[in-house]
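The values are calculated or read from the model by the stated rules, or taken from the named source; none is laboratory data. This structure is a prediction, so every number in the text was calculated from the model and none was measured. All Cβ positions, even for glycine, are placed from backbone atoms using ideal geometry, and neighbour counts span all protein chains on display.
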Amino acid sequence: MRKAIKVGLTGTTGAGKSTISEELKKYGYAIIDADAVARLATEKGSPLLPKLAEAFGQDVLNGDGTLNRKALAKRAFGTPEATKLLNDITHPEIIRLIEKKINGAFWDGYEAVIIDAPQLFESKMAYQCNFIVSVVAPRDIRIKRIMERDELTQEEAERRINSQLSDDFFRENSDVVIENDGDEQKLKEQALYVARLIEVKISGEATLGF
């Protein structure tokens with residue numbers, strides 16, 4: 001008997017998770033981008049903005065009332081305590097919106113929903129998933145990627161990385177671990193393996209190793 005499932009897709013920042021997400025989308029699965037939901041949750045007028053300003057300083061808001069994301073990131077990723085505070089403020093609303101999107105995807109007939117979330121474990125959403133896929137990559141490659149992607153200095157990139165869970169944590173707490181060494185073809189092949197595993201889970205047939 002076929003059943004709808006939730007797949008957690010996570011891993012270290014700059015490891016190539018978005019590439020896996022885009023590949024899985026080609027196989028017809030619903031993709032929920034937690035980063036996009038987080039941006040939606042902190043748009044101008046959101047009740048989260050006054051809470052963030054109170055916690056991290058009024059200057060994390062621009063003059064027009066929008067969120068200064070770079071200023072917030074600099075404060076929030078400065079220490080583990082600050083990162084936890086950010087998560088405590090934002091996660092409940094982000095999770096509410098993600099759950100709404102999950103329900104909508106299942107209502108629309110999708111058999112698998114991929115929750116693309118860098119903080120899948122920190123938000124506790126991992127415990128809702130049928131299985132978890134993590135993407136990891138060498139630290140130097142990740143630093144280069146996020147410096148280019150987010151226009152960060154090396155110090156800012158390293159601070160961002162240091163605020164996250166370790167590679168070993170993802171390896172120990174995931175059902176599938178994708179090691180991205182920069183070979184794009186290999187990454188796509190690993191995405192295909194995950195797609196096959198999703199189909200196995202949906203169909204309820206014998207598993208591919210767990």
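In table form, for the structure just shown:
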item: The one condition in (1) in a strand (DSSP E or B); (2) free of Cβ contacts under 8 Å to residues at least 12 places away in the same chain that residue 54 fails to fulfil; result: (1)
item: Filter pass, residue 163 being in contact with a strand residue (DSSP E or B) (Cβ under 6 Å, 6 or more places away or on another chain), among the small types (Gly, Ala, Ser) and surrounded by 18 or more Cβ atoms within 10 Å (Cβ to Cβ); result: no
item: Matching residues, the stretch 190-206, being assigned to a helix (DSSP H, G or I) and in contact (Cβ under 8 Å) with a residue 40 or more places away in the chain; result: 190, 191, 192, 194, 195, 197, 198, 201, 202, 203
item: Any hit, the stretch 13-28, residues being crowded, with 18+ Cβ neighbours inside 10 Å and at positive phi; result: yes
item: Any pair with Cβ under 7 angstrom, 6 or more apart, that starts in the stretch 169-189 at a residue that is more than 28 Å from residue 127 (Cα to Cα) and ends at one that is modelled with pLDDT under 95; result: 182/141
item: So residue 95, is it within 17 Å of the chain's Cα centre (by Cα), closer than 22 Å to residue 197 by Cα and part of a helix (DSSP H, G or I); result: no
item: Selection within the stretch 117-148 - in contact with a strand residue (DSSP E or B) (Cβ under 9 Å, 6 or more places away or on another chain) and of a type in the set (Phe, Trp, Tyr); result: 121, 131
item: Pair list, Cβ < 8 Å and 6+ apart or interchain, from the stretch 151-168 residues that are of a type in the set (S, T, N, Q) to residues that are surrounded by fewer than 12 Cβ atoms within 10 Å (Cβ to Cβ) and assigned to a helix (DSSP H, G or I); result: 163/80
item: Count of the stretch 157-189 residues which are over 25 Å from residue 147 (Cβ atoms) and of a type outside the set (Asp, Glu); result: 3
item: The stretch 102-137, subset of a type in the set (D, E, K, R) and in contact with a His (Cβ under 9 Å, 6 or more places away or on another chain), residue surrounded by the fewest Cβ atoms within 10 Å (Cβ to Cβ); result: 124
item: Residues of the stretch 122-138 satisfying the condition of being under 29 Å from residue 3 (Cα atoms), more than 14 Å from the chain's Cα centre (by Cα) and not in a strand (DSSP E or B); result: 127, 128, 130
item: The stretch 51-96, subset β-branched (Val, Ile, Thr) and at pLDDT below 95, residue surrounded by the fewest Cβ atoms within 10 Å (Cβ to Cβ); result: 79
item: Residue check for residue 141: assigned to a helix (DSSP H, G or I), among the aliphatic types (A, V, I, L, M) and surrounded by fewer than 18 Cβ atoms within 10 Å (Cβ to Cβ); result: yes
